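Note sheet for the following structure.
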Amino acid sequence: MSTPYIAGLTSKNIFLIDFKEPYDEKNLRDETTTNIRSIIFSPKGTYLAYRTDKKVDILRCSDWSVTATINGNIKEMFFSPLDSYFTVWEMFLMTKENPQGKPNLHVYKSADGQLVGSFTQKNQTGWEPKWTSDEKLLALHLNNRVLIYENGELDRYTQQITADKLKSFSVSPSPAPTYYFALFTLGKAGQPSFWRVYKYPDFKDESQAVVSRSSFQADKATFYWNRRGTNVFAMTQTDVDKTGGSYYGKQSLSYGDVKGNSENVTFSKEGPIHAISWNPGNSNEWVAVYGHAPAKATLFNAKCEPLFEFGTGAWNSIYFPPEGNRMLLGGFGNIASGHIEVWELRGYKKVGSCAAPDTTSLMWDPRAETFLTATTYPRLTVGNGYKIWHYTCALMHKRVCAEKENLLAISWQPGNFLKSELSRTVPKGIEDSTPKPAAAYRPPGAKNRPSTFTLHEQEKPHKPGETPSAAPSKQAIKQKEKREARKARKAEEKARGDASPPPPAAATPRAPFVSTGDPEKDKKIKNLNKKLSDIDKLKQQKAAGKQLELNQLAKIDQEAALLQELAQLKL
């Protein structure tokens, strides 16, 4: 398959878009398949699953045939990292026939729907088992234990981790045979909460933890691993911020790595942490959006040292394409503007900006050439539809749902696909007729006056340690002049059709300085020689193709007069 598909779910059908103009929608399922609730691609793009109130169908993406049907009123579902297994969760029920309830979490083989294992998982929050990236281990959280199963044999566990008040856990994406487990345990009365990292299978006691961090202000934790599974962040949060500083509770961010290093992370701007994300293409880089509005965005290395400041803006989200060569900063949800900026991370260059108000879903094309924004139901009940944007933020396609039609979900097919012309060529964008969000309130007396708002210097994009508006150094100016001269010379060669560069203009030979015995005359001669030397340099630059300023050309015109004056002084 040369290009990825886009799969979408509306209140009327499941559709596919073969990603090429005119982006026509192909009907995969229509109204005859009633009550379709959600769709999901497998991580490698091999399968697409959709669920109704009565069953789940797994389709093979190569020909969209049904490979397995799983019956039941399924509420949640996901695929394993290599697409081999499919896991579902149903509501836990106790009946007269089953007063103790029956297993409600099931693991099947994706290829044929064969049942591999069943478990009882009463709570919908945190129900998902965790796979290692090679699918060798499956870990399941039950009460105060994490049960670990090996090699797809789910009839009995081979290892377990036991901890009091175990609230959540995470498994590193590190390759075999080294795996790490991160656990968060809630503190008892008067005792701090902890998050710890263990190396599999060393779980006997807390002394074997590779990393151990405590916090007296943590009710829950979310873990963020880098792609190699060597570094992890723990975002801890309280349910209520007793200081009143935040409506959502107090946050803190701490860091650890598999070598045993750990520390708390602090930022240069006070306020909430809106988003953090590791670069999927570079395990030594991560981005954070933080601080009171307008939020600040910064690129850090694995040692939490800032590499580049993207400035401040209406942002609360970070999106990376799979290869991590670009990054998108967005402001959605409680930020009405839907402001988007796309940056090339090589060279830290902003390549585009746009606005997608009311966006509830955003996803990159797996080739990093385009991204998709959507307004979906039930998050928003009006204005449902989707847009496809080039990475430079040129709008390529737009689709608005018809009356009494809702867009429930839309997603790119994951996988490895060949690059297209969109990597090199910016398409001609179409006009976006979406109403723009209302502008900020301005008092009547200021409505017809220009805005006086300006960003502070440190709120503009810059490298740490540099002043954004600082004048370039002499060395930078010199390098720029060399680049411009080289570029002009190459353009001249191309115009002539001559591959060999023209020889540089030879400097006019100057007679060596000989004292006249008169200090005043010697001083004037030295000054004239310096001016003539500067003229020689300008003549060489002009011969190399550099465009000179008018004052520089005037200096060259003075050469004859200066030579005549020099000759008179030497008499």
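Taken together, the values in this text are just the output of simple stated rules run on the coordinates, not laboratory data. All figures in this text were calculated on a predicted structure; none of them were measured in a lab. Please note: Cβ atoms are built from the backbone with ideal geometry, for glycine as well, and neighbour counts cover all protein chains shown.
When +1 charges are put on Lys and Arg Cβ atoms and -1 charges on Asp and Glu Cβ atoms, the dipole computed for the chain relative to its Cα centre reaches about 1640 debye.
Quick one: compute the contact order of the stretch 207-355, relative version, from alpha carbon pairs under 8 angstrom and 6+ residues apart, as a percent. Each step should come with its number before you reach the end.
Numbers: 331 pairs, mean separation 19.3, N = 149.
Worked out over the stretch 207-355, it gives 13 percent.
Between LYS521 and LEU93, full extension at 0.36 nm per residue minus the direct alpha carbon distance yields a gain of 143.3 nm. Taking 21 Å as the limit for the C-alpha separation, the pairs LYS75/LYS130; LYS350/LYS482; LYS26/LYS428 exceed it in the case of LYS350/LYS482; LYS26/LYS428. Full extension of the chain segment joining ASP18 with LYS188 gains 55.7 nm, where the gain is 0.36 nm per residue of separation less the Cα-Cα distance.
Taking a cut-off of 16 Å between Cα atoms, list the aspartates and glutamates near LYS531, but don't count ones fewer than 8 places away on the same chain. LYS531 reaches ASP522, ASP557, GLU559, GLU565. The GluC sites (Glu not before Pro) found in the stretch 533-567 that occupy coil by DSSP, while having at most 11 further C-beta atoms within 10 Å, are GLU549. Contact order for the chain, expressed relative to its length and based on alpha carbon pairs under 8 Å spaced 6+ residues apart, stands at 7 percent.
The phi-based Karplus calculation (6.51 cos²θ - 1.76 cosθ + 1.60; θ = phi - 60°) puts the 3J(HN,Hα) values of the stretch 339-353 at 5, 10, 10, 10, 10, 7, 7, 7, x, 6, 10, 6, 9, x, 8 Hz, whole numbers, x for Gly and Pro.
The DSSP beta bridges internal to the stretch 254-355 are antiparallel in roughly 100% of cases. Comparing ILE276, SER252, PRO306 along the charge dipole axis of the stretch 248-327, the residue lying farthest to the positive side is SER252, per the Cβ-charge model. Charge tally for TRP195 (other residues, Cβ to Cβ under 11 Å; Lys, Arg +1; Asp, Glu -1): +4.
Please state the shape class of the stretch 248-377: rounded when a/c is under 1.5, otherwise prolate if a/b exceeds b/c and oblate if not, all from the C-alpha gyration tensor. Can you show the working numbers first?
Working: a/c = 1.78, a/b = 1.29, b/c = 1.38.
Oblate shape, in that a/c is at least 1.5 and b/c is the bigger or equal ratio.
For the stretch 137-194 versus the stretch 12-53, the inter-centroid distance based on Cα atoms is 35 Å. If I compute P(r) over Cα pairs in 10 Å bins from 0, in percent from the structure I just sent, which labelled value in [x] 3, 13, 17, 17, 15, 14, 11, 7, 3, 1, 0, 0; [y] 3, 13, 19, 22, 16, 9, 7, 5, 3, 2, 1, 0, 0; [z] 3, 14, 23, 23, 16, 9, 5, 3, 2, 1, 1, 0, 0, 0 lines up? Answer label, from the structure shown: [y]. Proximity of backbone amide H atoms, modeled 1.01 Å from N, is registered between THR10 and PHE15, LEU408 at under 5 Å, excluding neighbours fewer than 5 places apart on the same chain. Given LYS524/LYS555; LYS96/LYS188; LYS487/LYS539; LYS478/LYS523, which pairs have Cα atoms separated by over 26 Å? Checking Cα-Cα distances, LYS96/LYS188; LYS478/LYS523 exceed 26 Å.
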